[in-house]
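Q: The structure's right below; bear with me while I get my questions together.
The values are calculated or read from the model by the stated rules, or taken from the named source; none is laboratory data. Nothing here was measured: the structure is a model prediction, and the numbers come from that model. Cβ: placed from backbone, ideal geometry, glycine included. Neighbour counts: every protein chain shown.
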Amino acid sequence: MIMIDTLRAIYRKYQFWRLRKAGLTIPDDCRLIGFPDFGSEPYLITLGHHVGIAADVMFITHDGGTAVFRQQERYKNVIKYGRITIHDNCIIGARVIILPGVTIGPNSVISAGSIVSRNVPPGVLAAGNPAKPVMTVHQYAEWSLAATPDYDPNEYRNNKRAFLLKFKMRGSAPSPAPQEKRNTATDTNPGSN
């Protein structure tokens with residue numbers, strides 16, 4: 001397992017080196033879960049400090065749809081590109097798509113699955129398609145605090161997996177206990193009488 005982790009770390013460093021060489025601006029303190037798709041023009045993407053990017057995020061810096069009409073003389077020279085800038089201390093949720101020309105203000109959160117087609121102001125949680133501000137980050141923090149039940153932080157830190165499997169989370173039922181295999185020949189279905 002150590003060998004696999006070492007190889008992954010080496011490959012990840014290689015990917016960063018390759019993308020930085022291609023022009024991507026990404027500070028060392030960014031956190032990536034998985035590896036985002038930085039598209040075909042990574043030199044048009046700038047990430048600020050302390051940016052977190054979850055799995056399967058896609059950065060699109062050009063509009064390939066122009067190929068539909070570029071064969072026409074009037075539109076033969078049309079190109080559409082846009083820089084993408086994510087300022088300091090932002091979190092980008094899983095499977096977010098960020099379109100050309102977007103700037104995400106500092107201290108903002110983009111909810112998983114959102115499509116960001118316009119600028120996002122500083123200090124907001126934005127969600128949806130298209131992504132729109134839903135609440136301020138302060139409201140999000142207060143909402144998250146109110147939704148956090150009492151728990152033992154030491155137990156969580158010591159064995160996160162065991163803790164989460166038995167923990168009653170908001171909006172979910174506890175993990176079911178393993179059940180014995182049912183004998184369908186002798187069981188009756190109460191609704192079938």
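Q: Among the residues of region 52-81, write down those that are without any contact (Cβ under 8 Å) to a residue 24 or more places away in the chain, of a type in the set (A, V, I, L, M, F, W, C) and not in a loop (DSSP other than H, G, I, E, B). Please lay out each step first, then the result.
A: Taking region 52-81 first, the residues without any contact (Cβ under 8 Å) to a residue 24 or more places away in the chain are 64-80.
Restricting the remaining residues to those that are of a type in the set (A, V, I, L, M, F, W, C) gives 67-69, 78-79.
Of everything in region 52-81, those that are without any contact (Cβ under 8 Å) to a residue 24 or more places away in the chain, of a type in the set (A, V, I, L, M, F, W, C) and not in a loop (DSSP other than H, G, I, E, B) turn out to be 67, 68.
Q: For region 103-123, enumerate the residues that are surrounded by 21 or more Cβ atoms within 10 Å (Cβ to Cβ) and in contact with a Gly (Cβ under 7 Å, 6 or more places away or on another chain).
A: Within region 103-123, 108, 110, 114, 120 qualify.
Q: Where the second residue is not in a helix (DSSP H, G or I) and the first is exposed (fewer than 10 other Cβ atoms within 10 Å of the Cβ) and lies in region 145-156, which pairs have Cβ atoms under 9 Å and are six or more apart or on separate chains?
A: These pairs meet every condition: 148/170; 149/167; 149/168; 149/169; 149/170.
Q: Please indicate, with yes or no, whether at least one residue in region 106-120 is basic (Lys, Arg) and at positive phi. Lay out the reasoning, then the answer.
A: Our first condition is that a residue be basic (Lys, Arg); within region 106-120, this holds for 118.
Now drop any that are not at positive phi, which leaves none.
No, the conditions are met nowhere in region 106-120.
Q: Is there any pair linking a residue in region 35-49 that is under 18 Å from residue 12 (Cα atoms) to one that is part of a loop (DSSP other than H, G, I, E, B) and among the β-branched types (Val, Ile, Thr), with Cβ under 6 Å and at least six apart or on different chains, and which?
A: So the pair list comes out as 36/57; 39/60; 39/61; 47/26.
Q: Give me the residue from region 44-94 that is of a type in the set (Lys, Arg) and touching a strand residue (DSSP E or B) at 6+ places or on another chain (Cβ under 8 Å) and, out of that set, surrounded by the fewest Cβ atoms within 10 Å (Cβ to Cβ).
A: Here is the first cut: in region 44-94, the ones of a type in the set (Lys, Arg) are 70, 74, 76, 80, 83.
Imposing the further condition that a residue be touching a strand residue (DSSP E or B) at 6+ places or on another chain (Cβ under 8 Å) reduces the set to 80, 83.
Numbers: 80: 12, 83: 14.
The qualifying residue surrounded by the fewest Cβ atoms within 10 Å (Cβ to Cβ) is 80.
Q: Shifting gears a bit: Go through 182, 170 for me and flag whichever is modelled with pLDDT under 90, in contact with a helix residue (DSSP H, G or I) (Cβ under 9 Å, 6 or more places away or on another chain) and among the basic types (Lys, Arg). First the steps, then the outcome.
A: Values: 182 fails: in contact with a helix residue (DSSP H, G or I) (Cβ under 9 Å, 6 or more places away or on another chain).
Among 182, 170, only 170 is modelled with pLDDT under 90, in contact with a helix residue (DSSP H, G or I) (Cβ under 9 Å, 6 or more places away or on another chain) and among the basic types (Lys, Arg).
Q: Consider residue 28 against the criteria (1) modelled with pLDDT under 95; (2) surrounded by 15 or more Cβ atoms within 10 Å (Cβ to Cβ): it satisfies all of them except one. Which criterion is unmet?
A: Among (1) modelled with pLDDT under 95; (2) surrounded by 15 or more Cβ atoms within 10 Å (Cβ to Cβ), the lone unmet condition for residue 28 is (2).
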